[in-house]
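Single-structure report; data block below.
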Amino acid sequence: MKGIKSIGHVAIRVKDIQRSLDFYVNKLGFAEMFRLERDGKLWIIYLRITDTQYLELFLDAEGDRAPGEMAIGLNHVCLECDDIDLVIQQITDQGISLFRPKKVGADHNTQAWVEDPDGNRIELMQIAPDAMQTAAIRRLATT
């Protein structure tokens with residue numbers, strides 16, 4: 001659709017904000033941009049992925065874990081990497097385990113997977129020169 005240029009943010013509801021901030025800020029390195037309050041109480045914390053893309057952490061999640069992989073709704077967040085091996089090394093140095101090891105996916109990209117403290121799935125992806133996305137973009141440019 002004309003006029004839409006990117007995903008602006010992804011919102012995740014979290015159970016323990018301090019535990020989530022430790023994961024996303026201290027371990028993954030996202031900068032906290034600002035906080036929003038509602039009725040005098042902390043409501044949302046915005047974390048910077050890029051200058052125009054954010055992760056919103058909403059407080060006070062119910063339950064103990066994010067819905068399973070086959071549940072209706074948002075399945076995962078994908079973070080594109082320039083150097084997936086470097087990102088995996090940094091993540092493991094922070095004590096974060098991969099729950100799915102690095103592999104080449106069906107779309108020919110390299111991927112690995114981690115979970116945040118609430119079980120939200122995060123795909124790390126490095127787009128390959130022969131990836132289906134790369135080929136599709138080239139095809140669109142010629143039409």
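Between [x] 39; [y] 35; [z] 29, which matches percent of Cα pairs over 24 Å apart calculated for the structure shown? Step by step, percent of Cα pairs over 24 Å apart for this structure corresponds to label [x].
As a proxy for reagent exposure, ranking Thr134, Thr142, Thr110 by other Cβ atoms within 10 Å from fewest up yields Thr142, Thr134, Thr110. Only helical runs count toward this figure. For the chain, summing -39,500 (n - 2.57) over DSSP H runs of n ≥ 4 and dividing by all residues gives -5000 deg cm²/dmol at 222 nm. Here, P(r) means the percent of Cα pairs in each 5 Å bin from 0 to the largest distance; for segment 84-143 it is 4, 17, 23, 19, 14, 10, 7, 4, 1, 0. Of the trypsin sites (Lys or Arg not before Pro) found in segment 65-143, those that fall in a DSSP loop while having at most 13 other beta-carbon atoms within 10 Å are Arg65. Applied to segment 99-116, the Karplus parametrisation 6.51 cos²θ - 1.76 cosθ + 1.60 on θ = phi - 60° returns per-residue 3J(HN,Hα) values of 9, 9, x, 4, 7, 8, x, 4, 8, 6, 8, 8, 9, 8, 10, 10, 10, 7 Hz, with x for Gly and Pro. As an exercise, identify the GluC sites (Glu not before Pro) in segment 1-110 lying in DSSP coil whose Cβ has no more than 13 other Cβ atoms within 10 Å. Of the GluC sites (Glu not before Pro), the ones in loops of segment 1-110 whose Cβ has at most 13 other Cβ atoms within 10 Å are Glu62, Glu69. To the nearest ten degrees, helix 84-93 and the longest principal axis of the Cα atoms of the chain are 30 degrees apart.
Model label points for Arg48 and Leu86, set 7 angstrom from Cα along the Cα-to-Cβ axis, are 1.8 nm apart. Against the chain, whose longest principal axis is taken from its Cα atoms, helix 132-141 shows a tilt of about 70°.
Segment 76-136 and segment 24-71 have Cα centres lying 20 Å from one another.
Coordinate-derived values only; no laboratory data. Given the structure is predicted, the values throughout are model-derived calculations rather than measurements. Here Cβ is always computed from backbone atoms with ideal geometry, including for glycine, and neighbour counts include all displayed protein chains.
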